Each structure stands twice: as structure tokens, then as C-alpha cells.
1. Just going by the charge dipole of the range 276-330, with Lys and Arg at +1 and Asp and Glu at -1 on Cβ, which of Cys296, Ala278, Ala322 is farthest out on the positive end?
2. Is the range 57-101 rounded, prolate or oblate when judged by the Cα gyration tensor, a ≥ b ≥ c being the square roots of its eigenvalues, rounded requiring a/c under 1.5 and prolate requiring a/b larger than b/c?
3. Relative to the first principal axis of the alpha-carbon coordinates of the chain, what is the inclination of helix 238-251, with its axis defined by its Cα atoms, in degrees from 0 to 90 and to the nearest 10?
4. What 222 nm value per residue comes from the helices of the chain, counting each DSSP H run with n ≥ 4 as -39,500 (n - 2.57) and dividing by all residues, nearest 500 deg cm²/dmol?
5. Would you please classify the overall shape of the range 56-181 from the alpha carbon gyration tensor, given that a ≥ b ≥ c denote the square roots of the eigenvalues, rounded means a/c under 1.5, and beyond that prolate means a/b larger than b/c while oblate covers the rest?
6. For Asp103, what residues show an amide H to amide H distance below 5 Å, using hydrogens built from the backbone and excluding near sequence neighbours?
7. Solvent-accessible area of Arg276, probe 1.4 Å, all protein chains present, reported in Å² to the nearest ten, please.
8. Based solely on C-alpha atoms, express the radius of gyration and the Dmax of the chain in angstrom.
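The values are calculated or read from the model by the stated rules, or taken from the named source; none is laboratory data. In this text the structure is predicted, and so the values were computed from the model without any measurement. Every residue, glycine as well, gets a Cβ built from its backbone with ideal geometry; the counts of neighbours run over all protein chains shown. We work out accessible area using only protein heavy atoms, side chains counted, and drop any ligands, DNA or RNA first. Shrake-Rupley method; radii C 1.70, N 1.55, O 1.52, S 1.80 Å.
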Amino acid sequence: MIIPVRLYGRELKPHKATVSPQLDSRTVLTNSPWEFVSLWLTRLKKTEALFYWSQAREFARASVGIAIQSAPLLHYYSFMNAAKALLAAKGVGFFEGHGIKADNIPRKSKRIDLANEGVKIRTDGVLPSLAAYLGDTETKSSHTLQELLFNLPFVHRTYCLTYQRQAELFFPLSKCVFVFNTATKQSYLSAMLSPEFSNARHYKQLPATFIQDPDGESSRAIRSMETVTINGARLTSVADIESLARLNQRLRQDLQYINGSQTLWYAKAIIPGPNRLARSPLTLTLAAMHRLSEICRYRPLELASFLDGPRNWLISEFVMMAPEQFIDGIAAELTGHQFMFPNVRPAN
């Protein structure tokens, strides 16, 4: 029999935090995680991390209402200081430099093209330290802005509408829950593919971490390839909770989310297109905002011209949506808690 895993009477679902999720903690209901994280860092006497977090918050406040042509600069410094707060809170030593630079790609004209705007991640600095902490396994250090945006779930639908021949990289999931097989004592993640992503071609495009579930309730059911052995569906031991937290971490490179009134989960598929990068959305977002911040500083007229062109919606959506997504992810990694908007009942 396959039954949901439960912790304190609640079905156990994927957790936003990759490295140290507090699976046994209740979701924090708040319109913004800024104050909760500040109080959390104060209570734990994480003075250095609190300083960086406060700086990140001030840059975020300064960005409110600013024009999109200038916003990337303030967003980037907010993101970088939030990343420093995470690293400092976790005791990760890091070089204070950015850890990323522009990567010169030959261009046919002076006009901005997402495929020609490159970044190179250095071996030390804030961004590579964040990537290492989050467990990025990507071997390439140079990426184009187009690749970075292609790999971000929160702008991927916009990406596909901008590049209309591009198949979607992220397959929407529902009913994501850890389950327990009473016969084998194995636990794994179970989910349902969205109906429009459930034909034979889509199953072949699933990442190696997921397979079609022969024991699922419908033909759209998928499950994690990896399993862990636990004592039962009702979690009572620390060892079982830790086993599932480690499984959650191993799945998260191919299991990503969009923050909103509900947490939307996606499987990151294997499809043709720009390079599929084995990097956390947090790393990708910081890298993309860094490149845009440099463009708005050093090539503002080109950026203004670009924002009048056919790719303007993609950049606009990224700049507008990235702050909420990035800070939610960093807050989850910092505290191990998940954050949701209050007064919103999740769908069953």
C-alpha cells in the first residue's frame, strides 16, 4: 500500500530550502520575510549576517518605484548582501568580491542581444561561494544571459512566449507529496504531471531523478527514482526526518518552485534549447541581475533601446519578479522555514 508520509498530522511535501530544511516546522505566514529573518538573526546573535541582511533590505526599499532602466543596480546589491547574510549565518567563509564578471562574446552590432551578453563565474567571491553552498554541480563557468533566463522557472513561460519555438523546460506538477510503501518500507516523492505535459514525449524528457510511477493513481503520476528507508508513514524519529531532508536536497536540482500565493512545483526537464544549467535558481538569478546591473551602469542608452525592442517583456518580467523570488529563496535557506502569504488557503 502507498500512503502519504505525515509529520505532526500533516502530509509531508517538498521543502523550499535545499540545504537545511526544517521539515518539522510550521509555515511562516507573512507578506514579506524581511522582518522575520531580521528577528531570527537577532535571536541567534548572528551579528554579521544581520548587518548584511539589513543592507539588503535597505537596497530593496530604495528600489521601490524606480524605473526599470535603473532598478537592476539596486536589486543586485540587495541580492548580493542577502547572499552574504546566508553565507555568514551558515559560517561559510567567502571572499568579499562579487565572484563574477562580464564574459566578452563577439557581437555583430552594438545592440544588446541576450545570446551575446555573457558572464563568467570566478573561482572565489560571493557568487561562487553561494553556488558551492547550494550544491551547484555545473562544470561550465561561462553563461549567456539567454541561458540564465532560460533556466529560471519564474520567467520561463515568458521566455517561451518571447522565443516562440522553444519547448518548455519546466513541467508543472501537482499533488507533490512524500509517500511510504508499506510493503518495502521505502519512501519517495510522488507527483502528478499537468495534463498538457503527460504524453510519451514528456516522460522521455523527465530528468534522471524522476520516472513514471507504475503504482500511481493515474497515467500522469511520476515519482522520484531515489528512495529512502524509513520506519513508517508517521514520522517520529529524527533519523527518518533527516533521511527525507537529504532526499529533498538531492531532488531539488531537478525539482524547482515559483513562490506566490501558492507554492508551484516544477520538474526541470531535458529538452533541446540553450544549455540546461545544473545551478540553483538563486545562483542564476544573482548572476543574471549582475549582468543587467552592469549594462544599466555602463551602457544605459543601449539598455533603453533594448527595452523598446521585441525582448523587452522578458527582461521586464525578470526585473519585476526576481526580488520576491530571490529573497523568498534566501530566507528559506537562511532559516530553514517556508514563507507563504497569509489568508490564502492552499489548493488540495
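1. Selected residue: Ala278.
2. Numbers: a/c = 4.68, a/b = 1.89, b/c = 2.48.
Verdict is oblate for the range 57-101.
3. Helix 238-251 sits roughly 50 degrees off the main axis of the chain.
4. Details: 11 runs with 136 residues, N = 348.
It lands at -12000 deg cm²/dmol.
5. It is rounded, given that a/c, with a ≥ b ≥ c, falls under 1.5.
6. Gly118, Val119, Lys120
7. Surface accessible to solvent at Arg276 totals approximately 70 Å².
8. When restricted to Cα atoms, the chain yields Rg and Dmax of 20.4, 65 Å.
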